[in-house]
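Below: the structure, in structure tokens.
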Amino acid sequence: MKLLKRNWPFHLMILPSLIFLIVFSYVPMAWIVMAFQDFKPRLGISGSEWIGLDNFRYLFEREDSVQVILNTLVIAVLKMVANLIAPFTFAIFLNELRKMFVKRFVQTLVYLPHFLSWVILGGILVDILSTDGGFVNRIITNLFGIEPIFFLGDGTWFRITVVVTDMWKEFGFGTVVFLAALANVNPSLYEAAEVDGASRFKQTMHITIPSMIPITIVVGTLALGNILNAGFDQIFNLYNPLVYDKGDIIDTFVYRAAILNGQMGFGTAIGLFKSVIGMILIVISYRLAYKLAGYRIF
């Protein structure tokens, strides 16, 4: 009680977030039962027929369900790798800048896309990647003399576009994380290396990169918990029926099944399956982060 009286302002500060979490994350769990029903909105949960595991069985019997899970894993893994390599590399180069004004300007510039909505970026990308006079295809046609590329209509190019644009949007945020790790490196290490005649390249290889390995392990292992989150906002604003075979992910599949087609029980079953696998992966990732880098939250 004494601790609570002393820290009550801090508890009050997190109260809105706690209420938000309860209302939007815990209260909806009561409707998980829909995953085991042939849910009909007019009958409600109490009146809908109980069908047990039929929705889950139907999930794995559909050929497109397997493809959707595969698409999700491929896109999520590619994003995870890209969003590790890009900020890691960029943070090293940015750390080498000696003029603080330039360093902070560049850091702010690459960080800004993180705050833009995919609704806005989706509209921009549809325009600049268009085969009919899009900025990117005009450059490709004029410089290389090849036919315009259907970035958002060809499955393979769609995956590449999704990964590259997500990396461009988020690598500024990841760079901040790595720069924070570099800020904790003891400057005397660089001074000692310079006295010993080490070049900037050798200092980077033997001091900078090893200092970034622990945070890289933490970021990488924690990203495993989101391996089934391939980015609904981005995919939803960029995809179309032409790329369903390569670009459809679990979240967009759930949206079409539950909202557009009215298969709410089936859509809930898919979401529950994803949540259970995600929870298992989060537990594994936190254990790996603790074992490999000594990182822990609790």
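The values are calculated or read from the model by the stated rules, or taken from the named source; none is laboratory data. All values derive from a computational prediction rather than experimental measurement. Cβ placement follows ideal geometry from the backbone for every residue including glycine, while neighbour counts extend to all protein chains displayed. To get the accessible areas, we keep the full protein, side chains included, count just its heavy atoms, and leave off ligands, DNA and RNA. Shrake-Rupley method; radii C 1.70, N 1.55, O 1.52, S 1.80 Å.
The residues of segment 149-172 that are in a helix (DSSP H, G or I), of a type in the set (D, E) and at pLDDT below 90 amount to a single one, E170. Select from segment 119-148 the residues that are farther than 24 Å from F232 by Cα, aliphatic (A, V, I, L, M) and not in a helix (DSSP H, G or I) and list them in ascending order. Hit for segment 119-148 is I146, nothing else.
Which ranges mark the helices (runs of 4 or more DSSP H) fully within segment 1-110 that have 2 or more residues being open to solvent by less than 60 Å² (accessible area, probe 1.4 Å) and of a type in the set (G, A, S)? First the steps, then the outcome.
Values: elements: 2-21, 44-47, 54-61, 63-95.
So the answer is 44-47, 63-95.
Can you say whether T208 is assigned to a helix (DSSP H, G or I), hydroxyl-bearing (S, T, Y) and over 22 Å from V177 (Cα atoms), as far as the supplied structure shows? Here the answer is no, as T208 does not meet what is asked.
Tell me whether segment 182-201 contains one or more residues that are under 30 Å from N229 (Cα atoms) and either in a helix (DSSP H, G or I) or open to solvent by 80 Å² or more (accessible area, probe 1.4 Å) (or both).
Residues of segment 182-201 that are under 30 Å from N229 (Cα atoms), as a first pass: 182.
With the extra rule that they be either in a helix (DSSP H, G or I) or open to solvent by 80 Å² or more (accessible area, probe 1.4 Å) (or both), the set shrinks to 182.
Yes - at least one qualifying residue is present in segment 182-201.
If you go through segment 93-113 and keep only what is farther than 13 Å from G172 by Cα and β-branched (V, I, T), you end up with just V102. When V162, V126 are checked against the criterion of being in contact (Cβ under 8 Å) with a residue 60 or more places away in the chain, surrounded by fewer than 17 Cβ atoms within 10 Å (Cβ to Cβ) and of a type in the set (A, V, I, L, M, F, W, C), V126 stands alone in meeting it. The numbered conditions (1) under 19 Å from M279 (Cα atoms); (2) of a type outside the set (A, V, I, L, M); (3) at pLDDT 90 or above are all true for S25 except (3).
Scan segment 272-293 and tell me whether some residue there is without any contact (Cβ under 8 Å) to a residue 60 or more places away in the chain and small (G, A, S). Scanning segment 272-293 turns up at least one residue that is without any contact (Cβ under 8 Å) to a residue 60 or more places away in the chain and small (G, A, S).
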